[in-house]
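Notes follow the structure.
The values are calculated or read from the model by the stated rules, or taken from the named source; none is laboratory data. Fair warning: this is a prediction, and the values are worked out from it, not measured in the lab. FYI the Cβ positions are ideal-geometry reconstructions off the backbone, even for glycines, and counts take in every protein chain you see. When the accessible area is computed, the model is the full protein with side chains, heavy atoms only, and any ligands, DNA or RNA have been set aside. Shrake-Rupley method; radii C 1.70, N 1.55, O 1.52, S 1.80 Å.
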Amino acid sequence: QVQLVESGGGLVQPGGSLRLSCVASGIVFRINAMGWSRQAPGMQRELVARITSGGGTNYGDSVKGRFTISRDNAKNTVYLQMNSLRPEDTAVYYCNTVAGANYYWGQGTQVTVSS
């Protein structure tokens, strides 16, 4: 079955950086678009970044210029490099993909930006 396992979250000070990783199994990773979304308490889940099988990317407006999504098809892994973090980036971050007609999500990793 499809599994997405995120890691790399944690507590960081404003202005700091973190890199999230998501390892996928159960899919033909190289042909799948992959994405990162986030959800803060009391808020709707929002798109953070997406990368196509060909490496094309798009970002949510609030993270453009600060976050970078990338992928390593040899490792079945998608990354989210987060720089210049702000308190409003605090959320649970989820990896996601579509396979067949189904959406799949990881369990999420908590990112907290606080001094």
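Residues of the range 53-85 being part of a loop (DSSP other than H, G, I, E, B) and surrounded by 13 or more Cβ atoms within 10 Å (Cβ to Cβ), which ones?
Matches in the range 53-85: 53, 60, 62, 63, 66, 76, 83, 84, 85.
Within the range 39-51, one or more residues are modelled with pLDDT of 95 or more and more than 27 Å from residue 13 (Cβ to Cβ). Close Cβ contacts (under 8 Å, 6 or more residues apart or on different chains) running from residues in the range 92-108 that are small (Gly, Ala, Ser) to residues that are in a loop (DSSP other than H, G, I, E, B) and open to solvent by less than 70 Å² (accessible area, probe 1.4 Å) comprise 99/2; 99/26; 99/27; 99/32. All of 88, 46 fail the test of being within 15 Å of the chain's Cα centre (by Cα) and within 18 Å of residue 113 (Cβ to Cβ), apart from 46.
Looking only at the range 31-40, decide whether some residue is in a loop (DSSP other than H, G, I, E, B) and closer than 19 Å to residue 82 by Cα. Yes, the conditions are met somewhere in the range 31-40. Counting residues in the range 22-32 that are of a type in the set (D, E, K, R) and more than 20 Å from residue 112 (Cβ to Cβ) gives one or more. Quick one: is residue 115 open to solvent by 50 Å² or more (accessible area, probe 1.4 Å), touching a residue at least 24 places away in the same chain (Cβ under 8 Å), not in a strand (DSSP E or B) and not aliphatic (A, V, I, L, M)? It is true that residue 115 is open to solvent by 50 Å² or more (accessible area, probe 1.4 Å), touching a residue at least 24 places away in the same chain (Cβ under 8 Å), not in a strand (DSSP E or B) and not aliphatic (A, V, I, L, M).
Of the residues making up the range 87-112, those that are assigned to a loop (DSSP other than H, G, I, E, B) and open to solvent by 70 Å² or more (accessible area, probe 1.4 Å) number 3. Scanning the range 1-47 for residues that are open to solvent by less than 10 Å² (accessible area, probe 1.4 Å) and touching a helix residue (DSSP H, G or I) at 6+ places or on another chain (Cβ under 9 Å) gives a single hit, 29.
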